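Please read the structure below before turning to the comments.
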Amino acid sequence: MSGDIEGFIIRLVLTLPIVLISLSVHETAHGYVAYKLGDPTAYNLGRLSLNPIKHLDPLGTLSMILFGFGWAKPVPINTRYFRKPKRDMALTGVAGPVSNILLAVFFALLLKATIFIFGFVTLTEFTSQLYYWLWVFFSLGVQLNVTLAVFNFIPVPPLDGSRVLFVFLPSSAYFKIMRYEKYIYLVFLVALAIGLLDTPINIMSDFIIKLIDAAVF
């Protein structure tokens, strides 16, 4: 029993830095792309930073640790600076999930390097434990980043996928949806809480992880 608790605590300790890194990269990617497209809002507020404190949302971080999906404090974006608001908003939205997919690939490469290096190491009790926890850490890095990307691609406001969806909607439909954004998101959270979205999120996440695995390994 104590071993299970110890393992859980170690896994929790390993998960926290991954969550902080992943959410920081996600939000910084939004701000950076917006900045490149002409919006200096995030830059002026000091949000183009990988410092987790700049982006931390306590509830979103806790959700990420416990359930594998979550959110950070959104980077402010002012569409008035964009030359093509719909297109540029979509590009800004896509930047976050794409950055997490790239981060997942990076963790997969680190995992591959770990497996390769430890193939030449004499396994003792210490090196076996080190190898195991490095394997767990990098595997969690892949899994959490892919899940975060898939979760944010769901086309429900205020998630990133909604920004892509709005490119294909007439302005009247966009404003109608935004009028009920809070209610739509509340229904979405309830569906999430009772597990209605677990299967599609898991299927899509597993598919992307298999693609990364095939590309890297």
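Each value in this text was obtained by applying a stated rule to the coordinates, not by laboratory testing. Predicted model only: the values in this text are computed from it and were never measured. With ideal geometry, Cβ positions are generated from the backbone for all residues, glycine too; neighbour counts draw on all protein chains shown.
I'd like to verify something in the chain: which complete DSSP H helices, judged by Cα projection on the helix axis, reach 20 Å or more and average at least 0.5 on the Kyte-Doolittle scale?
Membrane-span-like by this criterion, though nothing is claimed about a membrane: 2-36, 85-118, 125-153, 198-216.
Pairwise over distinct Cα atoms, reciprocal of the mean inverse distance: report the Kirkwood radius of segment 44-149 in Å, one decimal place. Let's see the in-between values first.
Details: mean 1/r = 0.0612 Å⁻¹.
Roughly 16.3 Å, rounded to one decimal.
How big is segment 1-73 on each of its three principal axes, counting only the C-alpha atoms and giving the largest first in Å?
Result for segment 1-73: principal-axis Cα extents of 55, 16, 15 Å.
Name all residues of segment 14-31 having a backbone nitrogen under 19 Å from the label point set 7 Å from the Cα of V136 along its Cα→Cβ direction, giving them as ranges.
14-21
Please state the charge dipole magnitude for segment 2-216, taken about the Cα centre, from unit charges on C-beta atoms (+1 on K and R, -1 on D and E), reported in debye and rounded to the nearest 20.
Values: 16 positive and 12 negative charges, 230 e Å.
I would put it at about 1100 debye.
Just list whichever of K36/K86; K54/K86; K112/K210; K86/K182; K36/K112 have alpha carbons separated by over 23 Å in the model shown.
Details: K36/K86 15 Å; K54/K86 27 Å; K112/K210 14 Å; K86/K182 21 Å; K36/K112 33 Å.
Among K36/K86; K54/K86; K112/K210; K86/K182; K36/K112, the Cα-Cα distance tops 23 Å for K54/K86; K36/K112.
Run the helix sum for the chain: -39,500 (n - 2.57) per DSSP H stretch of 4+ residues, divided by residue count, reported at 222 nm to the nearest 500 deg cm²/dmol.
My calculation for the chain gives -25000 deg cm²/dmol from helical runs alone.
Peptides 187-193, 46-52: what's the order by average Cβ count within 10 Å, highest mean first?
46-52, 187-193
Could you tell me which of G60, H30, T41 has its Cα farthest along the dipole of segment 30-159 towards the positive end, charges placed at Cβ (Lys, Arg +1; Asp, Glu -1), taken about the Cα centre?
Farthest along the dipole direction, towards plus: T41.
Would you kindly calculate the translational diffusion coefficient of segment 96-217, applying Stokes-Einstein with the Kirkwood radius from alpha carbon pairs, for 20 °C and a viscosity of 1.002 mPa s, and quote it in µm² s⁻¹ without decimals?
Values: Rh = 16.7 Å.
The estimated diffusion coefficient comes to 129 µm²/s.
So what is Rg over Rh here for the chain, counting just Cα atoms and using Kirkwood for Rh? Intermediate results must be reported in sequence, preceding the final value.
Values: Rg = 19.1 Å, Rh = 18.7 Å.
My calculation of the ratio gives 1.02.
Would you be so kind as to identify which of P170, L144, Q129 lies farthest towards the positive end of the dipole of the chain, taking Lys and Arg as +1 and Asp and Glu as -1 on Cβ and the Cα centre as origin?
The residue sitting most towards the positive pole is P170.
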